[in-house]
Each structure stands twice: as structure tokens, then as C-alpha cells.
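Laboratory data are not the source of any read-out in this text; all were calculated from the coordinates shown. These numbers were taken from a predicted model, which means no experiment stands behind them. Neighbour counts run over all protein chains shown; Cβ positions are idealised from the backbone, glycine included.
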Amino acid sequence: MSNLWIALVLGVVFGFLLNKAGLTKYHKIVNVFRLTDMAVLKFMMSGLAVAMIGLYAMRGLGWITFPVIPATYVAGNLVGGLVFGVGMALAGFCPGTCVAGAGEGRLDYLIPGLLGFLTGAAVWGLTYESVFPQISRLAAYGNVTLGQMWNVNPWLLITVFTVMAVLLFYLIDRGLIRKDRLSSTE
Amino acid sequence: MNRIRQLFAQEMWSPYLAGALLGVVGLLAVGLSNHLLGASGGFENVAGILGKTVAPAAFGNMYFNFVMPAAITWNVILLVGILFGGALGALSSRTWRWRSMPDKQWIEAFGPSRAKRWGIAFFGGAVLQYAAGIAGGCTSGLAISGGMLLAPAAFLFIAGMFASGILTAWVIYRARY
């Protein structure tokens with residue numbers, strides 16, 4: 001029971017942060033793909049860096065154990081990502097930002113958006129048994145981390161990721177980003 | 001105290017600050033519940049619940065009984081939280097209002113038709129959810145939650161998402177890309 005209260009509170013903070021980062025706006029999502037506004041990338045990469053460092057540190061201290069690692073099956077992860085990118089660039093939202101945007105009073109997110117997700121979920125669940133077993137067998141590595149797969153210390157990977165993120169942020173904020181040619185970018 | 005109040009009243013925060021705090025939320029999910037954040041999973045559970053009331057035979061399959069059971073799960077409650085969180089964010093900056101169309105850039109790209117926007121929002125939602133099924137999660141459930149654990153799956157997903165997202169945006173905007 002207390003677990004569900006945790007879910008509720010974390011969800012509220014999650015939705016609040018998506019709103020404050022502006023990711024519930026159509027142009028913020030699409031313009032990361034137009035390479036003219038990198039807020040989505042900044043948000044994702046700073047979140048990843050903080051969470052990586054925290055998680056591996058807490059595990060190192062023996063405070064936590066990891067949950068089940070999301071499974072790697074190369075073809076499915078990649079094809080899923082490819083299809084996902086099409087939907088995201090078209091609609092200008094992803095599942096989390098659509099729900100947060102619905103909370104802001106955006107009716108196009110609340111009604112057709114959420115109905116679209118439920119429809120997609122129903123179709124996925126009904127076709128799962130004929131699609132998933134096949135695709136999840138292709139180049140499957142199971143529930144591994146990069147550290148286990150490559151047999152390297154995870155702190156090396158975390159350091160490389162964090163340094164890359166900071167360097168990328170520096171270059172983006174120094175103006176290494178495309179100029180927008182649209183008259184209205186909001 | 002006043003500075004905190006000012007920060008909450010701001011409509012837009014630095015994406016670095018918001019992102020870093022999201023990282024903390026991801027950490028807490030694991031630390032407190034041993035769960036991963038993920039938005040798309042909850043939709044599967046809700047679709048199962050609705051499906052079982054409409055077509056119990058079809059939705060009584062292995063997926064909606066065992067893989068993503070038709071039930072109010074941790075992920076469904078998380079979705080409810082996200083909805084309230086979005087509302088709270090908009091209320092705190094006094095930007096909450098009903099609106100049926102997205103920002104001006106949409107109109108510049110697709111025109112003012114509401115039917116078109118709503119059709120694409122529905123279609124896009126369905127495509128996103130099916131794709132999340134294939135990949136094993138969405139932006140939060142796989143890209144962020146998997147990435148923070150250093151799962152290769154997350155980075156493959158992110159690479160695919162950006163490659164096709166860039167291509168799709170280029171097709172939509174062409175001369176104005």
C-alpha cells in the first residue's frame with residue numbers, strides 16, 4: 001500500500017518537472033529533432049548522469065539492490081526506437097509528456113492522445129504473442145548492463161557518459177546548434 | 001523562502017535543473033519501491049482493464065493476465081501522479097487553461113485544422129505505444145530508467161528514436177527544417 005503512495009508522489013514530481021522543463025509543449029519535442037532547441041536532450045542527459053552516479057553509488061554502499069535490468073534484444077530495441085521516433089516527431093509528445101500535458105488542460109493530449117495510447121496498448125497486448133517471442137529472440141543478450149556485457153568497470157562508463165554530456169552541453173550553449181528558420185517557434 | 005516561491009512561479013525552469021531533479025526521482029523510485037519509472041506500462045494495464053469489460057474473451061489472453069496484468073498497478077498510479085503533476089506545474093505558473101490546439105509552430109507546419117491535430121495526436125499516440133511495446137519501454141521506462149542502469153537496450157532505443165525523429169521532422173518541415 002505505501003508503495004502506491006510512493007508511486008503517486010513520484011508521479012506528481014515527475015509530471016511537475018516535465019511541465020517546468022517545457023516538455024509538454026509541441027515545439028519543444030519537435031525542435032530537438034530539428035536540432036534547433038536541445039532542451040529534451042539536456043533534460044534527458046542531465047537526468048541520466050545524476051541517476052547513474054546515484055544508483056551505482058548507492059549500490060556500492062550496499063543501500064540498494066538493482067531492479068530487473070530492461071532486456072537487451074538489439075533488433076527490437078532498435079526497431080522500437082525507430083518507430084517511436086516517428087510517432088514522437090509527428091505528435092510532439094511521448095507517453096509521459098502527453099499525460100502531464102493533459103493535466104495542464106491540453107484537450108488534444110487528454111482526449112485523442114490518451115485514447116491513442118490505450119488503442120496502441122490494446123493492439124500490442126492482442127498481438128504480443130505473435131510478435132514479441134520472435135523479435136525478442138534476435139540478438140538477445142538478456143537483462144544485462146553495458147558493464148557486464150563489455151566486462152568493464154561501470155564507473156568508467158559513467159565517467160565517459162558524464163564527460164560527454166558536459167562537453168555536449170558546453171558546445172550547445174556556446175551556439176553549436178542550428179538557427180531556426182521558422183517565424184513562430186512556440 | 002521567497003526565492004523558492006519565485007522559482008515555483010516561473011513557467012520555465014532550466015532543463016538542466018529539471019532533468020537533474022528527474023534523475024533524483026528515478027533514484028528514489030528504485031531506492032524506495034525497487035521500481036523503475038515508466039509511463040507506457042500503465043497504459044497497458046488500463047487497456048487490459050477496459051478491454052476485459054468490453055471483450056473479455058479476447059483480452060483474457062496471456063499478455064493481459066500475466067505479462068502486463070489488467071489491474072491498478074504501481075505504473076497506473078504513477079500515471080495518475082503525472083497527470084496531477086502537470087496540472088500542479090501549470091497552476092503554479094498560472095498557465096493552466098483548457099486548450100484544444102498546441103502551440104503556434106504546429107499551425108505553421110500543419111495548418112489550423114483541429115480535426116487534423118486530433119487525428120494525428122490519436123495516430124501518434126497509438127504508434128508510440130505500440131513502438132514502446134516492441135522496444136520494451138518508452139522515453140521514461142526504457143531511455144531514462146534503462147539508461148541510468150547502463151542497460152544497452154536504452155542506448156539502442158535512444159539512437160533509433162533520434163535517427164527516425166530527425167528524419168520525420170525533416171520530412172514534415174522540409175524547406176523550413
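Side notes on the structure shown:
- Selection of the stretch A:139-165 for residues being in a helix (DSSP H, G or I), within 10 Å of chain B (Cβ to nearest Cβ) and surrounded by fewer than 17 Cβ atoms within 10 Å (Cβ to Cβ) yields A:Gln148, A:Met149, A:Trp150.
- Residue in the stretch B:56-65 that is of a type in the set (Gly, Ala, Ser) and under 25 Å from B:Gly23 (Cα atoms) present: no
- Unmet criterion (only one of (1) free of Cβ contacts under 8 Å to residues at least 12 places away in the same chain; (2) within 7 Å of chain B (Cβ to nearest Cβ); (3) within 20 Å of the chain's Cα centre (by Cα); (4) assigned to a helix (DSSP H, G or I)) for A:Leu115: (3)
- Among helices (runs of 4 or more DSSP H) entirely within the stretch A:1-97, having at least 3 residues that are closer than 25 Å to B:His35 by Cβ, at the interface with chain B (Cβ under 7 Å from one of its Cβ atoms) and among the hydrophobic types (A, V, I, L, M, F, W, C) singles out A:2-20, A:39-60.
- When residues in the stretch A:141-155 are screened for being in contact (Cβ under 8 Å) with a residue 24 or more places away in the chain, closer than 16 Å to A:Gly60 by Cα and of a type in the set (A, V, I, L, M, F, W, C), 1 of them pass.
- Flag for A:Gly120 being in contact with a strand residue (DSSP E or B) (Cβ under 9 Å, 6 or more places away or on another chain), among the small types (Gly, Ala, Ser), over 22 Å from B:Glu11 (Cα atoms) and within 7 Å of chain B (Cβ to nearest Cβ): no
- Filter result (at the interface with chain A (Cβ under 7 Å from one of its Cβ atoms) and either not in a loop (DSSP other than H, G, I, E, B) or not aromatic (Phe, Trp, Tyr) (or both)) within the stretch B:98-107: B:Arg99, B:Ser100, B:Met101, B:Pro102, B:Asp103, B:Lys104, B:Gln105, B:Trp106
- Matching residues in the stretch B:12-26 - criterion: being out of contact with any Ser or Thr (no Cβ under 8 Å at 6 or more places or on another chain), free of Cβ contacts under 8 Å to residues at least 12 places away in the same chain and closer than 14 Å to A:Gly54 by Cα: B:Leu21, B:Val24
- The combined condition, being within 15 Å of B:Ala153 (Cβ to Cβ) and within 8 Å of another protein chain (Cβ to nearest Cβ), is not fulfilled by A:Tyr109.
- Search result, residues across the stretch A:38-93 that are hydroxyl-bearing (Ser, Thr, Tyr) and under 15 Å from B:Met148 (Cα atoms): A:Ser46, A:Tyr56, A:Thr65, A:Thr72
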